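K.L.:
Sharing a structure with you now.
The values are calculated or read from the model by the stated rules, or taken from the named source; none is laboratory data. In this text the structure is predicted, and so the values were computed from the model without any measurement. Cβ placement follows ideal geometry from the backbone for every residue including glycine, while neighbour counts extend to all protein chains displayed. The accessibility values were calculated without ligands, DNA or RNA, using every heavy atom of the protein model including side chains. Shrake-Rupley method; radii C 1.70, N 1.55, O 1.52, S 1.80 Å.
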Amino acid sequence: MEDIENMEEDEYGFSRNYFLAKELGGASKRSAHKLSDIHIVDEQELRETAIEMKHAKEISELMSDYKTMYSKWVFELRCGFGLLMYGFGSKKALIEDFASASLD
């Protein structure tokens, strides 16, 4: 029992000393960088410059491939399953196209 108490006390002392050292040692270190200095890119600007211009053909091919799967997606949704879309970029165009196609 005494060993457990000593071990807990040692762990407490270690963690206490660790945070004290961080507090005392890091107090004088400050970065000159500010969050307000970051230029935030507009989503539309990003789309126009980075994604759609370079990969327009691939995006078009993917959308065509996805359109062939719409009926399967509707079936799965009606059966109570969900759909997970992942990867880089917005899925807004895909979801809007799917929604308009399934309403027809």
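K.L.:
Identify the residue in region 92-104 that is of a type outside the set (Gly, Ala, Ser) and open to solvent by less than 50 Å² (accessible area, probe 1.4 Å) and, among all such residues, is nearest to HIS55 (Cα to Cα).
P.N.:
If we take residues in region 92-104 being of a type outside the set (Gly, Ala, Ser) and open to solvent by less than 50 Å² (accessible area, probe 1.4 Å), then LEU94 is nearest to HIS55 (Cα to Cα).
K.L.:
Filtering region 51-82 down to residues that are in a loop (DSSP other than H, G, I, E, B) and surrounded by 12 or more Cβ atoms within 10 Å (Cβ to Cβ), which residue is farthest from the chain's Cα centre (by Cα)?
P.N.:
MET69
K.L.:
Given (1) under 26 Å from SER102 (Cβ atoms); (2) at pLDDT below 70, identify the lone condition not met by LYS29.
P.N.:
(1)
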